[in-house]
1. Give the number of residues within segment 93-144 that are small (Gly, Ala, Ser) and within 14 Å of Leu340 (Cα to Cα).
2. Just wondering, is there one or more residues in segment 342-360 that are in contact (Cβ under 8 Å) with a residue 24 or more places away in the chain, part of a helix (DSSP H, G or I), under 23 Å from Gly31 (Cα atoms) and of a type in the set (A, V, I, L, M)?
3. Which ones in segment 314-339 are within 14 Å of His32 (Cα to Cα) and open to solvent by less than 40 Å² (accessible area, probe 1.4 Å)?
4. List the number of the failed condition for Leu107; all other conditions in (1) open to solvent by 70 Å² or more (accessible area, probe 1.4 Å); (2) in contact (Cβ under 8 Å) with a residue 24 or more places away in the chain; (3) over 18 Å from Pro302 (Cα atoms); (4) outside any loop (DSSP other than H, G, I, E, B) hold.
5. Leu129 versus (1) open to solvent by 40 Å² or more (accessible area, probe 1.4 Å); (2) in a loop (DSSP other than H, G, I, E, B); (3) touching a helix residue (DSSP H, G or I) at 6+ places or on another chain (Cβ under 6 Å): which is the lone unmet condition?
6. Looking at segment 270-309, which of its residues are of a type in the set (A, V, I, L, M, F, W, C), open to solvent by 20 Å² or more (accessible area, probe 1.4 Å) and under 17 Å from Arg139 (Cα atoms)?
7. Name the residue that is modelled with the lowest pLDDT, counting only residues in segment 10-69 that are outside any helix (DSSP H, G or I) and among the charged types (D, E, K, R).
8. Would you check which residues across segment 49-60 are open to solvent by 30 Å² or more (accessible area, probe 1.4 Å), closer than 19 Å to Leu311 by Cβ and under 28 Å from the mean Cα position of the chain (by Cα) and list them?
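The values are calculated or read from the model by the stated rules, or taken from the named source; none is laboratory data. As the structure is a prediction and not an experimental result, all values here were calculated from the model. A quick note on method: Cβ atoms are made from the backbone with ideal geometry, for glycine too, and the neighbour counts reach across all protein chains shown. Side chains included, ligands, DNA and RNA excluded: accessible areas come from the protein's heavy atoms. Shrake-Rupley method; radii C 1.70, N 1.55, O 1.52, S 1.80 Å.
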Amino acid sequence: SMLIGIPKENKNHEYRVGATPSIVEALVKAGHSVLVQTDAGSKLGFTDELYEQAGAKVVETLAEVYVADMIVKVKEPQPIEYPLLKEKQVLFCYLHLAPDPEQTKVLLEKQVIGIAYETIYDAHYRLPLLTPMSEIAGRISIQAGAASLQMANGGRGVLLGGVPGVAPANVLIIGGGVVGTESAKMAMGLGARTTIMDTNLNRLRELDLVFGGRLQTLYSNTQNLEEQLKTADLVVGAVLIPGKTAPRLITRKMLKTMKAGSVIVDVAIDQGGCCETSRPTTHSNPTYVEEGVVHYCVTNMPGACALTSTLALTNATFPYMMKLANLGYKKALLADPLFLEGLNVCLGHVTHRGVAHDLGYVHVDPKELLI
């Protein structure tokens with residue numbers, strides 16, 4: 001049996017939690033022990049009492065949680081947690097190591113086993129633990145954009161769906177992946193005139209097949225983008241190249257041609273943003289204006305709807321959590337090469353090619369360390 005720790009997140013406005021009471025109950029029924037830090041889920045209505053009823057032991061401090069064999073959380077460990085990490089401890093959470101040399105160095109020094117949600121693949125070669133957060137971010141982007149278009153929030157005072165006799169707003173979505181598709185659904189649902197751009201013609205065909213005449217699909221090149229930006233009321237940046245920095249598609253020069261009070265929601269901000277003028281913001285101060293255009297660049301958009309996000313995330317992480325607990329990390333990872341892709345660092349070595357390449361470490365084949 002394994003001792004599993006669920007700490008309280010300590011990033012700004014981060015109310016998500018790594019495991020719900022029902023997941024704790026399942027782990028305990030399977031013979032494992034679970035430590036939950038006090039108030040870890042209380043903002044979401046997951047009280048300490050609910051965790052105790054599920055069979056967890058509720059503890060006061062981070063240090064008491066970190067005695068566990070495996071730590072399950074949402075965001076990467078923060079500096080306050082670094083001294084608590086211990087050798088051979090399994091860390092199962094979002095790590096995003098490529099743009100974070102400092103954290104990577106610590107995880108290597110501490111000789112932990114770091115398994116990242118965002119690099120685990122499924123049989124269809126999708127990212128099953130990243131997808132639910134992308135779905136939520138895509139949907140929130142339209143809510144946030146609609147609110148930003150209101151006069152009081154600096155927008156040009158346009159209602160997304162218009163009303164009978166008054167034209168609806170133009171929504172331009174750049175990128176037809178999970179984020180882009182979910183934004184398009186929400187925008188069309190609110191009655192906006194919606195255009196989605198992508199460089200992948202097969203993806204545009206799929207979208208055209210599903211949404212038909214309600215959605216305009218457009219091949220993404222500089223000329224088309226410049227043309228669309230002139231008439232757009234709301235732009236959603238939904239471009240992702242897994243593990244890489246987002247391409248800066250919208251230049252300052254292009255912004256100058258946009259309507260005053262139009263809005264850009266840059267969902268790619270986690271990977272640096274796809275707009276030259278984008279810079280990270282928080283939920284407590286989400287927007288700023290540049291060249292007359294309102295920018296919404298919150299780095300953890302799913303955190304706005306932390307309850308939905310926690311349920312969506314833990315639905316996806318639970319089977320993996322269970323495998324790690326039941327089989328131990330070695331057997332669990334060796335049994336599934338797509339799960340093994342999630343192993344980023346292991347006992348002082350970098351085991352993920354992308355991270356090794358971006359940060360200048362030697363890549364070590366994970367199988368050598370697990371057998």
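1. The qualifying residues number 3.
2. No; the residues of segment 342-360 include none that is in contact (Cβ under 8 Å) with a residue 24 or more places away in the chain, part of a helix (DSSP H, G or I), under 23 Å from Gly31 (Cα atoms) and of a type in the set (A, V, I, L, M).
3. Met321, Met322, Leu324, Ala325, Gly328
4. (1)
5. (1) is the only condition that Leu129 fails.
6. Ala304, Cys305, Leu307
7. Restricting to residues being outside any helix (DSSP H, G or I) and among the charged types (D, E, K, R), the top hit is Lys11.
8. Leu50
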